[in-house]
Structure formats: C-alpha cells, structure tokens
Amino acid sequence: VCGMKKRAEKQPYLYLRLIEMLLGILITAIGLSCMMKSQLGQTAITAFTQNLTAITGIKSGTVLIIFFISCTGAQIVILKKQFANIQYLQIPLALLQGKIVNLICYDVPGLCDWYPKTYIGKWLCIFSGILFCSYGVAVLFHADLVKNPFEELAMVISRRLRMEFCIFRTRIDIVFMLLSLFMILCFHLDFTTVREGTWVCMLLLGKSMKYTFPFAAKTSVYHRKVNRKYQYQENVT
C-alpha cells in the first residue's frame, strides 16, 4: 500500500494524464493523415517517411512506427541508464500512432479513398492537418508523461552538442528535406511530398503552437488540477 501511495505521489493524476496523452496521439495522427491526403507536401519528417513508403511499398503508418522506434532506440543508446523507464512507453505509442495513420490512409473503407479534389480543398486539408498536429503536440506536452520520440531525440542530441534546440531542430529539417529531394530525384518519385505545402508547414506549424499550447493548457483537465493544487498550497502557506 505504501508503495502504491509513493507511485501516486510521483505521478499525480496518472490515469488522467494517460487519457490526455492518448488523445494527443490520436489528434496528431489525424493531422499527419490530413497532410498526407492533401498531396501538397508535408513536414520534413513525414515527407521523408512518405518517400520511403513510395520506395519500399510499406504503409505510411508502418514506416512512421519504424522511424519513431528507431528514435527511441537511439535515445536508449545515448542516455543509457539516464533513460527514464516511463519513456519506454514511446514504443507502444509509436505503434498506436502508426496504426491510426494506416487506418485513415489505407484500411477504413470510404475514408482511405477520400482525397480533396480541388486545389482549395487541398489547402483546407493541409491547414487542418497543421492545426491538428499543432494541437495534438500541445496536448501531449501538457499531459507531461511520455515524450515524442523524434523531438526528444533531437533534444538529447542538441544537449550533447551544446547547441540551442531551435537551431539544431531547424538543421534537422533541412537535412531531411535534402534527403527527400535526393530520393525523389534518384527514384523518380512524384513531388507530392515536397511541394508548396511543405514550406507552409515549416513556416506555420511552429508559429501555430503559440496559440495551440495556451489553448491546450486551458482545456487540459490535468493541467487545471495541478494549477489549482499549487494555488491552494500557496494560499495555505
């Protein structure tokens, strides 16, 4: 009983955080799927994985699963004993997110066959994807439980290199963009993964988080409970 109480103290509102974390995964996966269906381009990372899909024939969600689990594995190798046990949940969450993408893009009849037909419709689809991804990442952040595998790997490497995260993250995007262009040219792929929408994603995704993060904080039940707890403690003291 004492052990259960200690774990509850270390991870307050654990079940609530798990629910919000799963909600963030679902919203992010929907956003990624919208970007893929827009055919106007995607983020640098999903463009890279989509090109791998075109080359290998493996489903997009499955490639995302492999990519995210590889990022988790790299964290384990770099951090070793410093890798927190809770972060092993990155692996099942990667599986879940990839499965949702596969359901939307390949497996659910009617939904998997739907693509916007007009140019305006494509833009609406990619803007929806940006908002979904931005808000999903914000929900995951405020759940404060399990990190995004790729973002956390970038954070770990930037700390080891003693480089500002935003600078390192931008350079990673450039590298993956160049890799995508290389694959497109070498394997004669369509430019549906790297188009005008890709640059819009790079421009708007980060900026949209200035609005989605505060909104997610307001709508997060866990975040509100923690704030109330701290306010109560401050009033008591």
Within region 140-165, track down each residue that is at positive phi and touching a residue at least 12 places away in the same chain (Cβ under 8 Å). D144
Could you figure out which of (1) under 24 Å from I19 (Cα atoms); (2) modelled with pLDDT of 90 or more; (3) touching an Asp or Glu at 6+ places or on another chain (Cβ under 9 Å); (4) not aliphatic (A, V, I, L, M) isn't true of Y222? (2)
So, in region 16-52, how many residues would count as being assigned to a helix (DSSP H, G or I), open to solvent by less than 20 Å² (accessible area, probe 1.4 Å), of a type outside the set (A, V, I, L, M, F, W, C) and under 19 Å from H188 (Cα atoms)? 3
Test F191 against the criterion of being within 16 Å of G24 (Cα to Cα), open to solvent by 90 Å² or more (accessible area, probe 1.4 Å) and over 16 Å from the mean Cα position of the chain (by Cα), and give yes or no. no
Within region 103-153, work out how many residues are small (G, A, S), under 27 Å from C166 (Cβ atoms) and open to solvent by 20 Å² or more (accessible area, probe 1.4 Å). 1
Based on this model, can you work out whether T198 counts as touching a residue at least 24 places away in the same chain (Cβ under 8 Å), open to solvent by less than 50 Å² (accessible area, probe 1.4 Å) and either within 24 Å of W123 (Cβ to Cβ) or in contact with a Leu (Cβ under 7 Å, 6 or more places away or on another chain) (or both)? yes
Does I174 count as open to solvent by less than 80 Å² (accessible area, probe 1.4 Å) and either under 23 Å from V63 (Cα atoms) or touching a residue at least 12 places away in the same chain (Cβ under 8 Å) (or both)? no
Test each condition in (1) closer than 27 Å to L22 by Cα; (2) modelled with pLDDT under 95; (3) among the hydrophobic types (A, V, I, L, M, F, W, C) for F132 and report the one that comes out false. (2)
Considering only region 53-98, state which residues are closer than 27 Å to R195 by Cα, among the small types (G, A, S) and open to solvent by less than 60 Å² (accessible area, probe 1.4 Å). S60, G61, A94, G98
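The values are calculated or read from the model by the stated rules, or taken from the named source; none is laboratory data. This is a predicted model, so every value here is computed, not measured. Methodologically, a virtual Cβ is constructed for each residue, glycine included, from the backbone with ideal geometry; neighbour enumeration extends over all protein chains shown. Note: accessible area is taken over every heavy atom of the protein model, side chains too, but ligands, DNA and RNA are not part of it. Shrake-Rupley method; radii C 1.70, N 1.55, O 1.52, S 1.80 Å.
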